[in-house]
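Down below is the structure, laid out as structure tokens.
None of the figures in this text is laboratory data; all of them are computed from the coordinates on show. What you see is a predicted model, and the numbers here were worked out from it, not measured in a lab. Here the Cβ positions follow ideal geometry from the backbone for every residue, glycine too, while neighbour counts run over all protein chains shown.
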Amino acid sequence: MFNMFKFNMSRSQFELAKFTFYLLTPISIMYYVGIDTDKKFNVPGFWPDPDTLNKIPKEPYEIQAELARMNAAKAEKRRRLEQKAAELGITEEN
């Protein structure tokens with residue numbers, strides 16, 4: 001009964017079919033993934049808003065202002081830590 005669907009394939013035909021499958025499978029996957037990716041893989045809100053990102057200073061005066069801000073923040077943190085250490089009775093000699 002099932003003999004009418006039997007398909008005789010020689011070894012060379014089988015190897016050719018395997019080669020075709022191995023060759024076309026990654027190509028077809030890349031084709032599927034590569035077309036219309038905005039609709040397939042679009043996740044709203046995935047990328048942050050550019051306005052909320054850190055802006056890298058590019059001009060020399062911007063770099064100097066950023067360095068001054070960082071140094072002021074570092075000095076303020078050091079002052080707070082030294083004040084807290086003084087309250088706890090911690091000195092540099094200990």
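Being part of a helix (DSSP H, G or I), surrounded by fewer than 10 Cβ atoms within 10 Å (Cβ to Cβ) and of a type in the set (Gly, Ala, Ser) is the requirement here; does residue 12 meet it?
yes
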Mind listing just one residue for me: the one in region 26-80 that is of a type in the set (Lys, Arg) and not in a helix (DSSP H, G or I) and, of those, farthest from residue 90 (Cα to Cα)? 58
Of 61, 32, the only residue that is surrounded by 10 or more Cβ atoms within 10 Å (Cβ to Cβ), free of Cβ contacts under 8 Å to residues at least 12 places away in the same chain, hydroxyl-bearing (Ser, Thr, Tyr) and out of contact with any strand residue (DSSP E or B) (no Cβ under 6 Å at 6 or more places or on another chain) is 32
